[in-house]
Amino acid sequence: MRHALIPYPETGCDAVTGLTVEVGRDEPTRLSLSFVLTGDLGRLAIPSAAPSVRTDGLWNHTCFEAFVGRPDGAYDEFNIAPSTAWAAYAFDGYRRGMRPLDIAAPQIAVIQATDRLEVAVVLPLSVDGPRQLGLTAVIEDRTGIISYWALAHPADRPDFHHPDGFVLRV
């Protein structure tokens with residue numbers, strides 16, 4: 001099923017005409033996501049292809065994210081850059097107890113055209129069971145301005161960690 005991400009009101013980017021994500025879960029411990037960004041990609045700062053390695057700080061530039069919540073309030077955060085760099089963190093609760101998540105590297109595929117960027121990823125989940133998802137993106141334009149995109153924006157500022165933003169159940 002495909003879901004639209006919406007910009008946080010004060011941080012929209014007119015170079016972006018659409019941002020969607022398709023979600024699949026073909027195995028209990030794997031989550032498939034396909035982010036599709038459309039618009040004038042020449043006006044966006046999109047990292048060039050590079051080796052797929054774990055990298056901190058991806059949220060400071062264009063990247064796609066998944067927040068995977070558990071019933072006990074703990075959650076995992078995944079960051080995937082168009083370069084294929086990635087990061088994964090575990091949290092004990094809302095912005096609490098952040099540490100690297102010990103997982104195998106996700107499978108990442110990137111297809112880019114003049115007006116379309118698709119980043120498909122298969123994420124290994126840390127444990128089995130139903131999950132609440134928060135799907136998000138950070139989009140940087142060529143001038144360095146950041147826009148924040150999500151399924152929902154429940155706070156008075158962009159906050160992808162807010163539990164009310166985990167609105168999709170898989």
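Of the strands (runs of 3 or more DSSP E) that lie entirely inside region 57-170, those containing 3 or more residues that are buried (at least 20 other Cβ atoms within 10 Å of the Cβ) and of a type outside the set (A, V, I, L, M) span 63-69, 75-80, 146-150. Taken over region 86-122, the criterion of being under 18 Å from THR136 (Cβ atoms) and small (Gly, Ala, Ser) is satisfied by ALA87, ALA88, ALA90, ALA120. The single condition from (1) more than 17 Å from the chain's Cα centre (by Cα); (2) modelled with pLDDT of 95 or more; (3) over 23 Å from THR29 (Cβ atoms) that THR114 fails is (2). Return a yes/no flag: does region 16-38 have any residue that is closer than 25 Å to ILE145 by Cα, in contact (Cβ under 8 Å) with a residue 40 or more places away in the chain and in a loop (DSSP other than H, G, I, E, B). No, there is no match, as no residue in region 16-38 is closer than 25 Å to ILE145 by Cα, in contact (Cβ under 8 Å) with a residue 40 or more places away in the chain and in a loop (DSSP other than H, G, I, E, B).
Taking residues in region 49-70 that are of a type in the set (Lys, Arg), and partners anywhere that are in a loop (DSSP other than H, G, I, E, B), the pairs with Cβ atoms closer than 8 Å and at least 6 places apart or on different chains are ARG54/ALA85; ARG54/ALA105; ARG70/VAL127; ARG70/GLY129; ARG70/ARG131. Test PHE67 against the stated conditions and say whether it is of a type in the set (Phe, Trp, Tyr) and either out of contact with any Ser or Thr (no Cβ under 9 Å at 6 or more places or on another chain) or over 20 Å from PRO154 (Cβ atoms) (or both). Spelling it out, it is not the case that PHE67 is of a type in the set (Phe, Trp, Tyr) and either out of contact with any Ser or Thr (no Cβ under 9 Å at 6 or more places or on another chain) or over 20 Å from PRO154 (Cβ atoms) (or both).
The values are calculated or read from the model by the stated rules, or taken from the named source; none is laboratory data. Quantities reported herein were computed from a predicted structural model and do not represent experimental measurements. Neighbour counts are summed over all protein chains in view; Cβ atoms, including those assigned to glycine, are modelled from backbone coordinates with ideal geometry.
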